[in-house]
Amino acid sequence: MIAKKLSEMLNEQINKELYSAYLYRAISNYYAAKGLKGFSNWFAVQAGEELDHAWKINGYLIDEGVVPVLETISAPVGSFDDLRAPLVAAYEHEKFITSSINEIFKAADGEDDYRTKRFIGWFIDEQAEEEKNASDLVTEYDLFGSSSQGLFMLDSKLGDRK
Ligand code: FEO
């Protein structure tokens, strides 16, 4: 049976993933209002993935015989200083999520909970990808975002994400 401390950490992670979905939907809304449909699409798709993450953990707790407690989700920031700011906020947020996932892995290791370690291993791989995507976006914005042509190109590319 999963340790109480570990199940509580996973329960909190559900909330963090739901907050991520909220944050990315707010960013998507921000870009939609700016007329950048591709950026908006990118973050809308990401918001959907975050919901999947939350429910994946929810399902794991159920399988472990724990009933998840769904807590209040904090309101995300919805206004930003400029077009670059949400990209930086997303990258910083992904780094925060990575450290949270790592803490769960560390706790599972301390409990000799091999099943939870395997489960959370999926999230460790996922975070590597998400952090890279978020970091790449900041880099690409810095390379291309200062000209309207570059911004158009980047927006078109981000619009392809499904
Ligand atoms: Fe589910 Fe982007 O962390």
Inset, instruction - Just give me a number: lysine pairs in region 4-159, eight or more positions apart or cross-chain, with C-alpha atoms less than 18 Å apart. - result: 15
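Considering only protein heavy atoms and a 1.4 Å probe, what is the carbon-and-sulfur percentage of the accessible area of the chain?
Details: 4730 of 8770 Å².
On the chain, the fraction of accessible area on carbon and sulfur atoms equals 54 percent.
Taking a probe of 1.4 Å, how large is the accessible area per residue of the chain, in Å²? It would help to have the intermediate numbers written out before the result.
Working: 8770 Å² over 162 residues.
Here the residues of the chain average 54 Å² of exposed surface.
FRET efficiency for ASN29 and ASP112, Cβ-Cβ distance as r, R0 = 41 Å, nearest 0.05?
0.40
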Inset, instruction - Can you list which of the trypsin sites (Lys or Arg not before Pro) found in region 82-155 are DSSP loop residues with at most 15 other C-beta atoms within 10 Å? - result: ARG84
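So between SER148 and SER74, what do we pick up on full extension, going 0.36 nm a residue minus the alpha carbon distance?
23.2 nm
The values are calculated or read from the model by the stated rules, or taken from the named source; none is laboratory data. Keep in mind it's a predicted model, so treat the numbers as computed, not measured. Glycine also receives a Cβ, built like all others from the backbone with ideal geometry; neighbour counts cover every protein chain displayed. Protein only, heavy atoms only, side chains kept; ligands, DNA and RNA dropped before computing areas. Shrake-Rupley method; radii C 1.70, N 1.55, O 1.52, S 1.80 Å.
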